[in-house]
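First comes the structure, then the notes that go with it.
Computed from the coordinates by the stated procedures, all read-outs in this text should not be read as laboratory data. Just so it is clear, the model here is predicted, and its values are computed rather than measured. Heads up, the Cβs are rebuilt from the backbone with ideal geometry, glycines too, and the neighbour counts pull from every protein chain shown.
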Amino acid sequence: MAQKTIGMIQAKQIQQLRNDGVPIKEIVRRTGISRKTIKKYLRKLEAGYPAEGIAQEEGLPDKDLCALLYNQDNPPVKDSRFGGLLRHFEQTQKELAKTGVTRQLLWMEYMAEYPDGYKYSRYCYLLSKYLKDSDAAFHWEYKPAEFIQVDFAGKRLHYVDSETGEVMECEVFVSVLPYSGLIFCMAIPSQKTADFAHCINEMVKYIGGLTQTILCDNLKTAVTRADRYEPVFTQLCMQLGDHYHTTFSATRPASPTDKAMVEKSVNIIYNHIYGPLRKRTCTSLEELNRCIREQLNLLNLKPYKGSPQSRRDIFTLREQALLKPLPEAPYLVKKCRKATLSRSYYIQLPDNGHYYSIPYQYIGKELLIYFNQRTVEAYHQHERIAFHVRSSTEPKYNLIAGHMPKNHQAMIEMQGWTIDGLIQRAGWVGEYTRQAASRIINSSIYPEQNFKACNAMILLQKKYGKDRLEAACRRAANIERPTLSLIRNILQTGLDKQPLLFDEQQQRPLPDHENIRGANYYQ
């Protein structure tokens, strides 16, 4: 059986007793350590004392004593070969992160510079020790509801299509709230725009709120140009941030430690979801996500090691109340395109070729058009200037009257005139106005040519009021073919305000008399 290593305190005690002249037998009795072990350490002490500089009675310093007795993996080496290796490590410490750089390539460069250097296996061992000792770990204090980290797992899940039997590979989306450690994950067909937006919708629905920002990797769906200081995000992220009143931020390129919590969560997902599901066969993506959700809920309810609280407990008690509320509806993916508004003040969408009106004031301006299957929105300088609701039965040209100039609105209004419509509008003023409108329209063989005059007569109420217009039409009631000019002159001269002469006598029926001849008398 191998001998157990003694502690530093016991080693220093053996050193002190030996320096005091205590025999080995007495040292065994006082320390309780076997004679063989004491002899072994005494031999190391005797061989390790320097020839000069430190008296044996003073004892070795703790650092030298530790290196001497325990044969550390990286003992102080003072030869030129080890010094050259350290200089090489300092120069090439960051080289491994570059594309195409391997340890073997670095070793070959090292051997070219130091032909008498260490062999490859020892070189790799010392390099690992050097990187481990020189790479300090930072402790991050997370704040509740500050941000959520998202990523995609490196390993995929799959399901078997029930119709074709084909094995369908799925990406796995993972997110974590760093403060409480609450984890969310789901399987999706790909990392494309629609799938990524669906993941964000399901994630915020699962946690029931929004953090101040969403930290993601530099994936193409989220970041168009990766940069250490000013990454450029896609239109999707901008739309998601605007809809959920949050922001997106990205890690530094090639710096997974910036989102260490979600990297660790991916490994946790492997153990607690991938492992339990390895023997289950799902026949659809929906079934696979149901199985994932069952295991995910168990994981979030599992207490932390050495604590009675789980991820869900910490989230509910300390973090949930600080989240931003969710909007009423989830985000719907919108396509985006730039367009310069033409003189016809319509924009055409590429999905169905339909046209949608934009306010004519923006003719010649460059606009951003966001559209999906339900809505069309137009923006100019980050201000929404037009909104259309789409449907399956919409016409090819979708026009909002307020988008047209005044003269165009009048032309559209004229196109919608009918005989019944104009007479009905005149009837809202009064009975005499309705009769006058009817006589004006029917004063010619082609009634449509009198629509403008009839409409202009009805619009006189805006200038003179309904009562005066009705009185003017009453004064012209006995005229078989009244005109617009006649009624306008009555209003301009104020004749509508004058009492009617013989109005009652004209309307009184003729009395019966023997001298009155009928129409048949003259035939």
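Taking 0.36 nm per residue of sequence separation and subtracting the Cα-Cα distance, how much length would be gained by fully extending the chain between Gln235 and Ser190, in nm to one decimal?
Values: separation 45, 0.36 × 45 = 16.20 nm, distance 1.85 nm.
Working it through step by step, the gained length comes to 14.4 nm.
Working out 0.36 nm times the residue gap between Tyr355 and Asn19, then minus their Cα-Cα distance, what length gain in nm do you get to one decimal?
On the way: separation 336, 0.36 × 336 = 120.96 nm, distance 9.98 nm.
Result for the pair: 111.0 nm of gain on full extension.
Going by amide H atoms built from the backbone, whose H comes under 5 Å of the H on Leu341, apart from near neighbours?
Answer set, sorted by chain and number: Gly364, Lys365, Leu367.
Quick check for me: using +1 on Lys/Arg Cβ and -1 on Asp/Glu Cβ, what's the dipole size of region 255-302 about its Cα centre, in debye to the nearest 20? Intermediate values should be presented prior to the final figure.
Values: 8 positive and 5 negative charges, 39 e Å.
The dipole magnitude comes to about 180 debye.
Using the beta-carbon distance between Thr102 and Asp133 and R0 = 22 Å, what value does 1/(1 + (r/R0)^6) give for FRET efficiency, to the nearest 0.05?
On the way: r = 21 Å, r/R0 = 0.97.
Efficiency at R0 = 22 Å is approximately 0.55.
With axes computed from alpha carbons, what is the tilt in degrees of helix 103-113 against the longest principal axis of the chain, rounded to the nearest 10 within 0 to 90?
50 degrees
In region 335-409, what percentage of the DSSP-assigned beta bridges are antiparallel, given to the nearest 5? Show your work: numbers first, answer last.
Details: 19 of 21 bridges.
DSSP beta bridges in region 335-409 are roughly 90 percent antiparallel.
Can you tell which of His88, Leu106, Ser128 lies farthest toward the positive end of the dipole of region 80-134, using +1 and -1 charges on the Cβ of basic and acidic side chains (Lys, Arg; Asp, Glu)?
Projecting each Cα onto the dipole axis, the largest value belongs to Ser128.
Could you quote the convex hull projected area for region 80-134, Cα atoms only and averaged over all directions, in nm²? Don't jump to the answer; show the numbers that get you there.
Details: hull surface 14.0 nm².
About 3.5 nm², averaged over all directions.
Enter the mean projected area of the convex hull around the alpha-carbon atoms of region 190-260, in nm², rounded to one decimal.
Details: hull surface 19.4 nm².
The orientation-averaged projected area of the Cα hull of region 190-260 comes to 4.9 nm².
In cubic angstrom, how much convex hull volume per residue do the alpha carbon atoms of the chain span? Don't skip to the end; give the middle numbers.
On the way: hull volume 188.6 nm³, N = 523.
For the chain, the hull spanned by Cα atoms encloses 361 Å³ per residue.
Output the peptides 360-371, 206-217, 288-299, 110-121 sorted from most to least packed, where packing is the average of other Cβ atoms within 10 Å over each peptide's residues. Provide the component values of the computation, followed by the final result.
Values: 360-371: 15.3, 206-217: 19.5, 288-299: 17.3, 110-121: 12.8.
The peptides rank, most packed first, as 206-217, 288-299, 360-371, 110-121.
Give the separation of the Cα centroids, region 246-282 to region 323-376, in Å.
What the calculation gives is 36 Å, centre to centre.
Using 0.36 nm per residue, how much length does the chain from Ile363 to Glu328 gain when fully extended, once their Cα-Cα distance is taken away? Show your work: numbers first, answer last.
Numbers: separation 35, 0.36 × 35 = 12.60 nm, distance 3.44 nm.
Roughly 9.2 nm would be gained on extension.
Size of the dipole of the chain about the Cα centre, Lys and Arg at +1 and Asp and Glu at -1 on the beta carbon, nothing else charged, in debye to 20?
Details: 71 positive and 56 negative charges, 220 e Å.
Result for the chain is approximately 1060 debye, rounded to the nearest 20.
Charges on Cβ only, +1 for Lys and Arg, -1 for Asp and Glu, centred on the Cα centroid of the chain; of Pro482, Tyr270, Ile441, which one is farthest towards the dipole's positive end?
Highest projection toward the positive end goes to Tyr270.
Using a Förster distance of 41 angstrom, determine the FRET efficiency expected from the C-beta separation of Glu286 and Ala321, and round it to 0.05. Intermediate values should be presented prior to the final figure.
Values: r = 32 Å, r/R0 = 0.78.
With a Förster radius of 41 Å, E is 0.80.
Summing -39500 (n - 2.57) over the DSSP H runs of n ≥ 4 in the chain and dividing by its residue number, what mean residue ellipticity at 222 nm do you reach, to the nearest 500 deg cm²/dmol?
Working: 19 runs with 207 residues, N = 523.
Computed mean residue ellipticity for the chain: -12000 deg cm²/dmol.
Under a Cβ-only charge scheme (Lys and Arg +1, Asp and Glu -1), can you give me the dipole magnitude of region 182-289 about the Cα centre, in debye to the nearest 20?
On the way: 11 positive and 10 negative charges, 68 e Å.
So the dipole magnitude of region 182-289 works out to roughly 320 debye.
Could you name the lysines whose alpha carbon sits less than 27 Å from that of Lys25, not counting residues in the same chain fewer than 8 places away?
Lys4, Lys12, Lys36, Lys39, Lys40, Lys44
Name the residues of region 84-103 whose amide N is less than 20 Å from a point 7 angstrom out from the Cα of Arg228 along the C-beta direction?
Only 90-101 pass the distance filter.
Along the charge dipole of the chain, Cβ charges K/R +1 and D/E -1, which of Tyr179, Tyr464, Gly7 sits furthest on the positive end?
Gly7
State whether region 417-507 is rounded, prolate or oblate according to the following rule on the C-alpha gyration tensor (a ≥ b ≥ c being the square roots of its eigenvalues): a/c under 1.5 gives rounded; otherwise a/b larger than b/c gives prolate, and the remaining case gives oblate.
Numbers: a/c = 1.83, a/b = 1.46, b/c = 1.26.
Note, shape of region 417-507 comes out prolate.
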